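Here's the structure we're looking at; comments come further down.
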Amino acid sequence: MAQAASAPGGSRRSSACGRRAARCIVGWRRRRWWWWWWWWWCGAGQRRVWRAGTMASWASLSPSIVEYFEGEDFYRCGYCKNESGSRSNGMWAHSMTVQDYQDLIDRGWRRSGKYMYKPVMNQTCCPQYTIRCQPLQFQPSKSHKKVLKKMLKFLAKGEISKGHCEDEPMEPTVEDAVAGDFALITKLDAQCDLRTLSGDFRESLESEEKKKIKSSKKEESNELIQSQDIEEKLGSGEPSHSVKVHTVPKPGKGADLSKPPCRKAKEIRKERRRLKLMQQNPAGGLEGFQAQCEPPALFPAKAKSNQPKSLEDLIFESLPENASHKLEVRVVRSSPPSSQFKATFQESYQVYKRYQMVVHKDSPDKPTVSQFTRFLCNSPLEAENPPNGPDCGYGSFHQQYWLDGKIIAVGVIDILPYCVSSVYLYYDPDYSFLSLGVYSALREIAFTRQLHEKTPQLSYYYMGFYIHSCPKMKYKGQYRPSDLLCPETYVWVPIEQCLPSLENFKYCRFNQDPEAVDEGRCKDPDRLQVFYRKAVMPYGVYKKQQRDPSEEAAVLQYAGLVGQACSERMLLFRS
């Protein structure tokens, strides 16, 4: 009976559970694509967010957020002056991690302010090939040494060399073709402001920006200062970490420019005499030579007297105590702007304004503060300071050249996981006789070698674009060894192997293997990440909500240009 009585109750409970289960199944069917996405996203182990309420956490994770512009636009070429010959793809970066930008420039992208662009290599009038130098194997050429010696003579005795150094390049204009069209970037800057994003997302980013400004004050102690007079800098009372010159002139190696040049020949004679004594008396030859009052500390340096001087020896050669000028290089973070950057902003801008007016013949009203800020100060790169990274961290910086207490030149650079990327250089035209374009490039190569000591994987110096069809831009090929990026397979090829082809054709595929393909190409567009209606989702989910055929074409074009890795990490904003 008990069993029989329990049967109806059990049946009712079973029926209720069945109805609830049915409702759950219906709900599951309605939401299963979201659960599928959640399972996939967790399995990928990447950053994730579901609703607008968690946007602040997204901002703290600092993802790359971009808006892609469909199609290929024609612009006025800044090199051959063709009114509509320059063709490129572009996107606006609201924020970007340094790793994503590293991967993008390894696929032919470059930035101008927050605008990212990639030339359509087989259609643009002046194909622009990404070029990188290998600083660890770099040896300055004869013309490079002349520039460095010219600087040393000026600093030591105030000598101003007459004429220009042979093979001295014409200083480049803004490093990219698109950035030459100021009206275009100004328009995009207005259209792609954070106002185009959702209100919640904008607020979270603005909140995060305020936090970055506060935290940047703590990072300012990591800004580097490289002085031409190392000993004076070390004794100036500044924190020891602010001097990061990794090769200090060895005793006896620094040439005193106030003494006659015969001093080198005298040192060679001493070296020969020392070697002769060592051959005659291997055991006591060294002691006999020391008895002639030659300091023992000189011998390690003298043993290398016949070797060519390194780049650091030439840059940081010691100066006399009564040197006419003092040069120091300060590396200050430009984004987010440090207090030192803010304090020198106006002085830096005035140098830029004079440079544009004198060198590039701009009218006085064209080099505005907003233009300067937009192109050379604003950056989408997120500042990162990992413990195994360089002391100054990763991100965007200004390398300021201070001569006797005033700025005479500024190199705009990005420090990325594997390279120092040169963005632009501007200088005071009154000091053009110092060949500051060449000098700054050599200093940036030396700076890359310096950063490599702390961060071994950081071992390349990217010089922007090499344009073989533009004579004034071919000078970048003089910094050897260097490589050019194949525009089809995105592998690096030594420039010596590329030049014969470039002599015959503007556009070339450098990879000689006809079977080789782009290994980083986008193979699964459905895994591309989209930010849409306050949520992040894979493109495979997003496209089910869209019925516009052109939408898919734009997204697939974007995926093909950025590659699989970046398409999965970066968020493609869709309105």
Considering only protein heavy atoms and a 1.4 Å probe, what is the carbon-and-sulfur percentage of the accessible area of the stretch 302-447?
51
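If you count only protein heavy atoms with a 1.4 Å probe, what accessible area per residue comes out for the stretch 416-575, rounded to a whole Å²?
Result: 39 Å² of accessible area for each residue.
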Expressed in angstrom and rounded, the centroid-to-centroid distance over alpha carbons for the stretch 407-430 and the stretch 304-374 is 8
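Ignoring ligands, DNA and RNA, what percent of the 1.4 Å accessible area of the stretch 90-160 is carbon and sulfur?
44
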Quickly rank 461-469, 512-520 as a protection proxy: mean count of other C-beta atoms within 10 Å, highest first.
461-469, 512-520
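The values are calculated or read from the model by the stated rules, or taken from the named source; none is laboratory data. In this text the structure is predicted, and so the values were computed from the model without any measurement. Please note: Cβ atoms are built from the backbone with ideal geometry, for glycine as well, and neighbour counts cover all protein chains shown. The area values use the complete protein model at the heavy-atom level, side chains included, leaving out ligands, DNA and RNA. Shrake-Rupley method; radii C 1.70, N 1.55, O 1.52, S 1.80 Å.
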